[in-house]
Amino acid sequence: SYPPPVRGWALPAGAYGTALGEGESTELRAAQLARLGPRVGDLVWDIGSGSGAAAVEAARFGAAVIAVDRDADACGRTAAVARRFGVQLDIVHGTAPQVLEDLPEPDVIRVGGGG
(Lines give C-alpha, C1' and ligand atoms only; values in the text may rest on other atoms or scores of the structure.)
Protein backbone atom coordinates (compact mmCIF):
# COMPACT_ATOMS: atom_id res chain seq x y z
CA SER A 1 0.00 0.00 0.00
CA TYR A 2 1.23 3.48 -0.85
CA PRO A 3 0.82 6.56 1.34
CA PRO A 4 -1.90 9.01 0.34
CA PRO A 5 -0.75 11.56 -2.29
CA VAL A 6 -1.48 14.52 0.01
CA ARG A 7 0.69 14.86 3.11
CA GLY A 8 -0.79 15.42 6.54
CA TRP A 9 -3.58 13.84 8.48
CA ALA A 10 -6.50 15.74 6.94
CA LEU A 11 -7.30 17.05 3.49
CA PRO A 12 -8.13 20.75 3.18
CA ALA A 13 -11.87 21.40 3.45
CA GLY A 14 -11.95 22.62 -0.17
CA ALA A 15 -10.98 19.15 -1.39
CA TYR A 16 -14.49 17.95 -0.63
CA GLY A 17 -16.27 20.34 -2.97
CA THR A 18 -19.04 20.86 -0.43
CA ALA A 19 -19.53 22.65 2.86
CA LEU A 20 -18.39 20.67 5.87
CA GLY A 21 -20.09 20.89 9.25
CA GLU A 22 -18.77 23.21 11.93
CA GLY A 23 -17.26 20.24 13.79
CA GLU A 24 -15.41 19.06 10.70
CA SER A 25 -12.69 21.67 10.29
CA THR A 26 -9.40 20.55 8.82
CA GLU A 27 -7.64 21.13 12.13
CA LEU A 28 -10.17 19.15 14.16
CA ARG A 29 -10.17 16.25 11.69
CA ALA A 30 -6.36 16.23 11.71
CA ALA A 31 -6.27 16.09 15.51
CA GLN A 32 -8.87 13.31 15.63
CA LEU A 33 -7.12 11.25 12.96
CA ALA A 34 -3.72 11.74 14.58
CA ARG A 35 -5.14 10.54 17.90
CA LEU A 36 -6.99 7.57 16.37
CA GLY A 37 -4.06 6.61 14.12
CA PRO A 38 -6.13 4.58 11.61
CA ARG A 39 -4.08 2.01 9.70
CA VAL A 40 -4.35 -1.16 7.67
CA GLY A 41 -6.04 -3.86 9.73
CA ASP A 42 -8.04 -1.48 11.95
CA LEU A 43 -11.80 -1.24 12.03
CA VAL A 44 -12.97 2.32 12.68
CA TRP A 45 -16.49 3.29 13.64
CA ASP A 46 -17.31 6.88 12.66
CA ILE A 47 -20.48 7.60 14.63
CA GLY A 48 -22.22 10.79 13.52
CA SER A 49 -20.24 10.77 10.29
CA GLY A 50 -21.79 13.99 8.93
CA SER A 51 -20.19 14.80 5.58
CA GLY A 52 -18.09 11.63 5.66
CA ALA A 53 -14.79 13.53 5.58
CA ALA A 54 -13.28 11.83 8.66
CA ALA A 55 -14.51 8.39 7.55
CA VAL A 56 -12.98 8.85 4.10
CA GLU A 57 -9.70 10.04 5.54
CA ALA A 58 -9.49 7.05 7.91
CA ALA A 59 -10.11 4.79 4.92
CA ARG A 60 -7.39 6.60 2.94
CA PHE A 61 -4.96 5.45 5.65
CA GLY A 62 -6.00 1.84 5.01
CA ALA A 63 -8.50 1.24 7.81
CA ALA A 64 -11.82 -0.49 7.29
CA VAL A 65 -14.50 2.05 8.20
CA ILE A 66 -18.14 1.85 9.21
CA ALA A 67 -19.77 5.29 9.00
CA VAL A 68 -22.95 5.64 11.06
CA ASP A 69 -25.39 8.54 10.91
CA ARG A 70 -29.05 8.99 11.82
CA ASP A 71 -29.55 11.43 8.91
CA ALA A 72 -30.21 9.72 5.58
CA ASP A 73 -28.87 12.77 3.71
CA ALA A 74 -25.60 12.53 5.65
CA CYS A 75 -25.33 8.87 4.67
CA GLY A 76 -25.79 9.88 1.03
CA ARG A 77 -23.14 12.59 1.31
CA THR A 78 -20.74 10.10 2.91
CA ALA A 79 -21.29 7.63 0.05
CA ALA A 80 -20.68 10.36 -2.53
CA VAL A 81 -17.46 11.51 -0.83
CA ALA A 82 -16.22 7.91 -0.61
CA ARG A 83 -16.81 7.46 -4.35
CA ARG A 84 -15.08 10.75 -5.10
CA PHE A 85 -11.94 9.65 -3.25
CA GLY A 86 -12.08 6.02 -4.37
CA VAL A 87 -12.40 4.41 -0.95
CA GLN A 88 -14.84 1.80 0.28
CA LEU A 89 -16.87 2.32 3.42
CA ASP A 90 -19.77 0.55 5.04
CA ILE A 91 -22.46 3.13 5.70
CA VAL A 92 -25.15 2.46 8.29
CA HIS A 93 -28.24 4.63 8.61
CA GLY A 94 -29.48 4.54 12.18
CA THR A 95 -29.26 5.89 15.69
CA ALA A 96 -26.60 4.97 18.22
CA PRO A 97 -26.44 3.04 20.44
CA GLN A 98 -29.13 0.70 19.07
CA VAL A 99 -27.68 0.42 15.56
CA LEU A 100 -24.21 -0.40 16.94
CA GLU A 101 -25.28 -3.67 18.59
CA ASP A 102 -24.96 -5.75 15.40
CA LEU A 103 -21.72 -4.20 14.12
CA PRO A 104 -18.34 -5.93 14.45
CA GLU A 105 -16.18 -4.76 17.35
CA PRO A 106 -14.09 -1.70 16.38
CA ASP A 107 -10.46 -0.99 17.11
CA VAL A 108 -11.12 2.75 17.39
CA ILE A 109 -14.20 4.95 17.50
CA ARG A 110 -14.69 8.54 16.39
CA VAL A 111 -17.81 10.25 17.68
CA GLY A 112 -18.81 13.26 15.62
CA GLY A 113 -22.01 15.20 15.26
CA GLY A 114 -21.74 16.82 18.66
CA GLY A 115 -21.87 13.38 20.33
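Just from its helices, what would the mean residue ellipticity at 222 nm be for the chain, if runs of 4 or more DSSP H residues each count -39500 (n - 2.57) and the sum is divided by every residue, rounded to the nearest 500 deg cm²/dmol?
Estimated from H runs of four or more residues: -8500 deg cm²/dmol.
Project the alpha carbons of the stretch 72-115 onto their principal axes and report the range along each, largest first, in whole Å.
Each principal axis gives a Cα extent; for the stretch 72-115 these are 29, 22, 19 Å.
Of all accessible surface on the stretch 50-115 at a 1.4 Å probe, what whole percent is carbon and sulfur?
So the carbon and sulfur contribution to the accessible surface is 46 percent.
Just going by the charge dipole of the chain, with Lys and Arg at +1 and Asp and Glu at -1 on Cβ, which of PRO97, ALA31, ILE66 is farthest out on the positive end?
The Cα lying farthest towards the positive end belongs to ALA31.
Using all Cα-Cα distances in the chain, what percent lands in each 10 angstrom bin from 0 up to the longest?
15, 53, 29, 3
If you roll a 1.4 Å probe over the heavy atoms of the protein chains, what accessible area per residue do you get for the stretch 7-115, in Å²? Write down the numbers at each step before the final one.
On the way: 5770 Å² over 109 residues.
Using a 1.4 Å probe on heavy atoms only, each residue of the stretch 7-115 averages 53 Å².
Cβ under 11 Å from GLY48's Cβ, GLY48 left aside: what net charge do those residues give with Lys, Arg +1 and Asp, Glu -1?
So the surrounding residues net to -2.
Under the Karplus relation 6.51 cos²θ - 1.76 cosθ + 1.60, θ = phi - 60°, what is the ordered set of whole-Hz ³J(HN,Hα) values for the stretch 52-57, x standing for Gly and Pro?
Residue by residue, the stretch 52-57 yields x, 4, 5, 4, 4, 5 Hz.
The values are calculated or read from the model by the stated rules, or taken from the named source; none is laboratory data. Treat the numbers as computed from the prediction; the structure is a model and nothing was measured. Positions of Cβ are backbone-derived with ideal geometry, glycine not excepted, and every protein chain shown enters the neighbour counts. For accessibility, only protein heavy atoms count, side chains too; no ligands or nucleic acids. Shrake-Rupley method; radii C 1.70, N 1.55, O 1.52, S 1.80 Å.
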